[in-house]
Every structure is written in C-alpha cells, then in structure tokens.
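Visitor: Please see the structure below; I have some questions.
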Amino acid sequence: LPSLSLPSSMHLIQVDSVQRWMEDLKLMTDCECMCILQSKPISMEKDEQNELILSSQHSTCDNLQLLLKRAWIISTELTRIAQKLEKNRWQRVHSMTVRVNCHVRSMINEYNAFTRSSSEEMHQLEKLLIDKCSEFTAFTERCLQTEDEEILKSMKSCINETLTTVAQYFGQLIELVLTHEAQNLLRQVELSGSLYVTESAISSLLSLAQEGAHLCRIIAKEGGVVALFKVCRQDCFRCLYPQTLRTLASICCVEEGMHQLEKVDGILCLADILTDNSHSEATHAEAAAVIAQITSPHLTFTQHLSSFLENMEEIVTALVKLCQEASSGEVFLLASAALANITFFDTMACEILLQLNAMKILLAACSDKRIVDTPYSRDQVVTILANMSVLDQCASEIIQGNGVQLLMEMLFEKSSSGNPAEVAACERVQQKSAVTLARLSRDPEVADAAVKLSCIPRLIKLCRSPTERNNSDSVLVACLAALRRLAVMSPDGLEDSDFQQLVKPRLVDSFLLCTNMEESFV
C-alpha cells in the first residue's frame with residue numbers, strides 16, 4: 001500500500017511542448033546569430049553591458065535556470081547526434097555539431113558573465129571542451145567532402161570517440177559549475193547575517209534542488225543539509241523556517257541528504273519545531289513535509305533513522321494535532337502524509353495513533369470537504385486506516401466514527417479531471433478501502449454494517465466492470481479479498497453466479513476470469 005512520496009520534480013521536462021519551444025526560442029536564436037559570427041563575442045561598452053548581456057539582467061537563481069536550460073539543450077543535441085551518426089546522416093550530424101559548438105560557447109560565455117569567480121580547473125575544462133568541440137566540427141565537415149565509404153567508415157570511429165570525449169568534458173564542466181554554485185550559495189547561508197541575503201540564497205538552493213536528484217546530491221555533499229538545519233536552530237531566522245524546511249524536504253529525497261540529516265540530529269530539530277506551539281502553522285506544515293519525505297516507503301535508505309524511533313511518539317502526537325487543527329487542505333495533506341508514511345515505518349505508530357483517538361479525528365476531517373478536498377488527502381487517510389486495521393481494537397473505533405460508511409464512499413472514488421496522477425490516487429483509494437474492509441470484516445459488527453450499506457454489490461461491480469476500477473489489477477485483487485471475507489460473514493448477500501465465479505474458485509482463477517471480462521458481459 002504505497003503512500004505519498006514527495007519526490008523532486010524535473011520541471012524542465014514536465015512542461016507543455018509549445019511552452020518548451022517558446023522558452024528555448026531565445027536560446028536557439030542566439031545560437032544561430034553566433035553561427036554567423038563564428039562564435040566570436042560582441043565587444044561592448046561598459047555602460048551598455050547590462051542591456052546587452054541577457055544573464056546580467058537576472059538574479060543568481062535566474063542565471064542558474066538559464067544555464068540548466070542551455071545544458072539540457074546541449075545534452076539533448078549530443079544524444080541526437082549519436083542517433084544520426086548511427087544512420088550515417090552526415091549532413092545532419094555536421095549541422096547539429098555546429099549548433100552544439102555554438103551552444104557550448106554561449107553557455108560558457110553566459111556563465112562567465114555572471115559568476116563572481118571560477119577556479120583554474122574550471123577554466124582548463126572550458127578550454128578542453130571548446131577545443132574538442134572545434135575538433136568535432138572539423139571532423140564532421142571533412143565527412144561532407146568525401147563519399148568514399150571506407151574513409152567515412154574509418155572517420156566514423158574517430159567521430160564517435162570525439163563525441164564521447166565532448167560528452168565527458170561537458171558532464172564534468174556542468175558538475176563542476178553546479179558544485180561551485182552550490183558552494184557559493186551555502187557560503188552565503190552560513191556566513192551572512194543578513195535576512196535578505198540568506199533568504200535569497202535559500203530560494204536559489206530550493207530552485208536547484210527541484211531540478212532533480214542529481215542536484216540534490218551535489219547540495220547534500222557540499223553540506224547543504226547541515227547549513228539549512230543551522231538556520232532552523234536560529235530564532236533570528238524564524239520567518240525563513242518554512243522555506244528552509246521546504247528546501248530540506250527536497251534535498252532529503254536522496255541518500256546523501258538522509259545521512260547528513262542523521263549526522264546533525266535533524267530528527268530532534270524537526271521534533272522540537274513540531275512540538276513548539278509558538279511556530280506558525282506554515283512552519284509546522286513544512287516540518288511535516290520533511291517527515292513525510294524521510295519516512296517515505298518508496299525510499300530504500302530509511303533503516304538508519306534510529307533517532308526517529310526515539311522521537312516518534314512526540315512527532316506522531318504533534319502531527320495528529322496538526323491534522324485536527326489544519327486550516328487548509330494543503331496543511332492536512334502534509335500532516336496526514338507524514339502520519340501515513342510513519343505507519344509503514346514502524347508498527348508501534350499504529351498503537352500510538354489508537355491511543356491518541358487519531359481515527360476519530362481523521363474520520364471527522366473527512367466529513368469536512370474544505371479540509372479533505374482531494375483524492376490525495378483521502379489516499380493518506382485510508383492508508384492510515386488500512387495500516388491501523390491490523391489492530392483488533394480498531395473495529396470499534398471504525399463503528400463509532402461511522403467509518404464503514406466512509407470506506408463504502410471511497411469505493412466510488414473517481415477522478416473529476418482525468419489527470420493521470422489523480423486517476424492513480426483514486427485507484428489507491430479504492431484499493432486501500434477494499435483492503436481495510438477485508439481486514440476489519442473479521443469483526444462481525446463491521447461485516448454486518450458493511451453488508452447493510454450494500455458493500456457487497458459495489459465490490460461485485462468493481463470486480464466485474466474494468467472501467468469502474470480503471471482497469472486496475474490491484475483494485476481487483478483487493479475487492480476480491482474483501483468480497484470473500486464478507487461472503488463468509490454473510491453468504492446470503494451473493495447470487496449463485498457471483499458466488500460460483502468470484503468466491504468459490506481460487507483467488508487467482510477469479511482474478512483471471514475478471515481480467516478477461518468484456519464490458520458487454522457486465
């Protein structure tokens with residue numbers, strides 16, 4: 001039953017293609033201009049510099065975004081060159097090589113225009129890359145001047161080798177540049193006493209961290225987690241806590257970030273923030289987001305979080321309180337996601353939740369459409385219910401809180417937008433509600449309530465109609481299991497054909513029967 005993970009997104013890829021083209025158009029136009037000028041820089045007067053250099057008009061964050069976009073274009077072009085080379089498309093290979101050459105020079109010029117300082121190692125790499133790109137262009141141009149297959153064949157291996165070297169130098173340069181920029185930003189966070197400078201640096205770090213796991217690793221390796229938790233321990237930066245915690249949540253999606261968190265007693269710091277009532281709800285919510293990230297069941301490197309168990313009770317107590325007092329759906333989602341993940345992390349968490357009357361609080365929240373307003377929130381709630389349902393005492397809590405009715409409603413969960421992420425969340429809600437019903441129906445009182453609420457017909461419908469479950473196999477398996485449990489408790493609730501096809505055979509046989517059903521037979 002996987003719950004919410006807060007992975008970082010690569011927003012360069014996840015945009016509309018037309019929007020992507022519009023953003024890249026300026027860069028492409030620059031590139032063509034540079035081709036005409038043979039990649040020679042335009043001389044300029046000092047007082048005109050701000051008008052002519054694109055990168056100087058932007059903040060560090062904007063400049064880094066421009067650098068990353070340029071790097072993304074170069075990386076894509078290198079991949080395409082390799083593909084065209086395989087097909088011996090020499091004209092296309094040459095024109096693309098010229099374009100890459102120009103992009104590389106533009107990227108280096110843009111970066112040197114805004115960076116305060118760069119190392120000797122970086123200058124050497126820049127020179128190596130530019131020289132190798134020129135060599136690459138010369139090689140491909142020579143290929144256009146001959147049609148001799150033997151010569152082209154021998155040159156192809158040289159071009160392949162040069163392409164590999166260009167890609168290697170390019171990767172090393174980008175790694176060095178991003179490491180250098182991360183170091184600069186972290187130096188600002190650690191050494192600046194200025195609220196404005198610290199906020200700006202943290203904002204740039206967040207922007208970098210959201211570009212993907214590789215950048216998160218770079219920031220973590222350079223001490224990003226240590227520096228950010230240092231901010232979270234200084235009262236003078238309280239207004240920056242939400243932004244700082246959000247950045248930490250992004251960085252801690254990678255193993256290096258988690259190790260750093262453990263080294264600086266990050267769990268204890270998060271527990272202190274969550275239990276301190278003087279902090280704002282926004283700060284508590286972002287702390288909950290970090291907890292949700294580091295306890296995500298999708299991560300494989302949470303086993304070393306030994307300090308989490310020491311602080312688990314007070315963290316869980318604070319998160320339940322945050323769910324109860326949440327003023328918005330977003331705050332509830334973050335708090336409930338953290339709780340849902342913790343119930344996977346350690347079974348003791350379910351017992352703590354039971355003692356805190358968490359089930360009553362969560363069921364009450366579900367009746368408030370202002371707070372539990374999306375399938376994502378319902379996914380978190382039903383995850384907690386499913387994991388708590390292994391406890392025998394859970395059944396009476398479900399009955400008292402009208403929980404069976406809620407589980408029945410969740411079996412009807414449908415996406416209103418058709419968005420793939422929302423559709424997947426709806427499937428998880430259906431699956432987990434069926435699992436919870438199956439587990440709780442070992443209690444006769446719960447089974448009786450489920451039968452009276454017509455759960456059996458709904459489960460049959462989900463089994464027999466692929467569209468009702470969005471063709472999800474996991475929903476089908478969960479519904480078959482729930483149906484079989486209820487059939488034992490109330491055999492009169494099924495028609496003979498349903499019993500013969502969905503209950504009596506082995507579960508795998510019923511599963512195969514339902515997956516092969518056409519809608520016309522429903």
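The values are calculated or read from the model by the stated rules, or taken from the named source; none is laboratory data. Quantities reported herein were computed from a predicted structural model and do not represent experimental measurements. Cβ coordinates were reconstructed from backbone atoms using ideal geometry, including for glycine residues, and neighbour counts include every protein chain displayed. The accessibility values were calculated without ligands, DNA or RNA, using every heavy atom of the protein model including side chains. Shrake-Rupley method; radii C 1.70, N 1.55, O 1.52, S 1.80 Å.
Visitor: When you look at LEU322, is it under 25 Å from LEU385 (Cβ atoms), touching a His at 6+ places or on another chain (Cβ under 6 Å) and in contact (Cβ under 8 Å) with a residue 12 or more places away in the chain, yes or no?
Guide: When the stated conditions are applied, LEU322 passes them.
Visitor: Among residues belonging to region 263-280 that are among the small types (Gly, Ala, Ser) and in contact with a helix residue (DSSP H, G or I) (Cβ under 8 Å, 6 or more places away or on another chain), point out the one that is surrounded by the fewest Cβ atoms within 10 Å (Cβ to Cβ). Outline the logic, then answer.
Guide: Taking region 263-280 as the starting set, the residues that turn out to be among the small types (Gly, Ala, Ser) are 266, 271, 278, 280.
Cutting the leftovers down to in contact with a helix residue (DSSP H, G or I) (Cβ under 8 Å, 6 or more places away or on another chain) gives us 266, 271, 280.
Details: GLY266: 25, ALA271: 23, SER280: 12.
Filtering first and then ranking leaves SER280.
Visitor: For region 56-97, how many residues meet the condition of being touching a residue at least 24 places away in the same chain (Cβ under 8 Å) and within 19 Å of LEU152 (Cα to Cα)?
Guide: 9
Visitor: Do the conditions hold for SER417, that is, is it small (Gly, Ala, Ser) and free of Cβ contacts under 8 Å to residues at least 40 places away in the same chain? Give the steps one after another, and end with the answer.
Guide: On the way: small (Gly, Ala, Ser): yes; free of Cβ contacts under 8 Å to residues at least 40 places away in the same chain: yes.
Yes; evaluated as a whole, the condition is true for this residue.
Visitor: Of everything in region 124-153, what is open to solvent by less than 40 Å² (accessible area, probe 1.4 Å) and over 26 Å from TRP90 (Cβ atoms)? Give them in sequence order.
Guide: LEU125, GLU126
Visitor: Here is a further query. HIS180: out of contact with any Ser or Thr (no Cβ under 6 Å at 6 or more places or on another chain) and surrounded by 15 or more Cβ atoms within 10 Å (Cβ to Cβ), yes or no?
Guide: Against the criterion (out of contact with any Ser or Thr (no Cβ under 6 Å at 6 or more places or on another chain) and surrounded by 15 or more Cβ atoms within 10 Å (Cβ to Cβ)), HIS180 qualifies.
Visitor: Could I ask something else about it? Go through LEU185, LEU163 for me and flag whichever is under 17 Å from ASN63 (Cβ atoms) and either surrounded by 19 or more Cβ atoms within 10 Å (Cβ to Cβ) or in contact with a strand residue (DSSP E or B) (Cβ under 9 Å, 6 or more places away or on another chain) (or both). Walk me through how you get there before you give the answer.
Guide: Working: LEU163 fails: under 17 Å from ASN63 (Cβ atoms).
Residue meeting the stated conditions: LEU185.
Visitor: With respect to LEU215, is the statement that it is at pLDDT 90 or above, among the aliphatic types (A, V, I, L, M) and over 30 Å from CYS143 (Cα atoms) true?
Guide: So LEU215 passes the test.
Visitor: Has region 153-167 got at least one residue that is aliphatic (A, V, I, L, M) and farther than 27 Å from ARG217 by Cα? Outline the logic, then answer.
Guide: Going through region 153-167, the residues aliphatic (A, V, I, L, M) turn out to be 155, 159, 163, 166-167.
Imposing the further condition that a residue be farther than 27 Å from ARG217 by Cα reduces the set to 155, 159.
Yes, that holds for at least one residue.
Visitor: Does any residue in region 277-298 that is in contact (Cβ under 8 Å) with a residue 40 or more places away in the chain come within less than 6 Å, Cβ to Cβ, of a residue that is open to solvent by 50 Å² or more (accessible area, probe 1.4 Å) and assigned to a loop (DSSP other than H, G, I, E, B) six or more places away or on a different chain, and which pairs are these?
Guide: Between residues of region 277-298 that are in contact (Cβ under 8 Å) with a residue 40 or more places away in the chain and residues that are open to solvent by 50 Å² or more (accessible area, probe 1.4 Å) and assigned to a loop (DSSP other than H, G, I, E, B), the close pairs are PRO297/PRO2.
Visitor: Condition check: surrounded by 19 or more Cβ atoms within 10 Å (Cβ to Cβ) and either in a helix (DSSP H, G or I) or in contact with a Phe, Trp or Tyr (Cβ under 8 Å, 6 or more places away or on another chain) (or both). Does ASN101 satisfy that?
Guide: yes
Visitor: Any residue at all in region 285-306 that's assigned to a loop (DSSP other than H, G, I, E, B) and among the acidic types (Asp, Glu)?
Guide: Within region 285-306, not a single residue is assigned to a loop (DSSP other than H, G, I, E, B) and among the acidic types (Asp, Glu).
Visitor: Can you go through SER250, SER204, SER194, SER200 and tell me which one is outside the structural domain of LEU66 (by the TED database) and modelled with pLDDT under 90?
Guide: Numbers: SER250 fails: modelled with pLDDT under 90; SER204 fails: modelled with pLDDT under 90; SER200 fails: modelled with pLDDT under 90.
None of the others qualify; the one that does is SER194.
Visitor: Shifting gears a bit: Kindly indicate whether GLU121 is in the same structural domain as LEU67 (by the TED database), open to solvent by 40 Å² or more (accessible area, probe 1.4 Å) and more than 34 Å from the chain's Cα centre (by Cα).
Guide: no
Visitor: Right, something else. With respect to THR383, determine if the residue is more than 27 Å from ALA478 (Cα to Cα) and touching a residue at least 12 places away in the same chain (Cβ under 8 Å).
Guide: no
Visitor: Please return the ranges of helices (runs of 4 or more DSSP H) entirely within region 318-429 where 3 or more residues are at pLDDT 90 or above.
Guide: 329-345, 348-355, 358-366, 375-388, 403-410
Visitor: Sticking with this one: Taking only pairs six or more apart or across chains, which ones have beta-carbon atoms under 8 Å, a first residue in region 148-166 that is over 25 Å from HIS103 (Cβ atoms), and a second residue that is aromatic (Phe, Trp, Tyr)?
Guide: LEU152/TRP90
Visitor: For residues that are surrounded by fewer than 21 Cβ atoms within 10 Å (Cβ to Cβ), more than 17 Å from LEU363 (Cβ to Cβ) and in contact with a Cys (Cβ under 9 Å, 6 or more places away or on another chain), tally how many sit in region 397-442.
Guide: Of the residues in that region, 2 qualify.
Visitor: Please verify whether VAL488 is among the hydrophobic types (A, V, I, L, M, F, W, C), over 13 Å from SER510 (Cβ atoms) and either assigned by the TED database to the domain that holds ALA425 or touching a residue at least 60 places away in the same chain (Cβ under 8 Å) (or both), treating the condition exactly as stated.
Guide: It is true that VAL488 is among the hydrophobic types (A, V, I, L, M, F, W, C), over 13 Å from SER510 (Cβ atoms) and either assigned by the TED database to the domain that holds ALA425 or touching a residue at least 60 places away in the same chain (Cβ under 8 Å) (or both).
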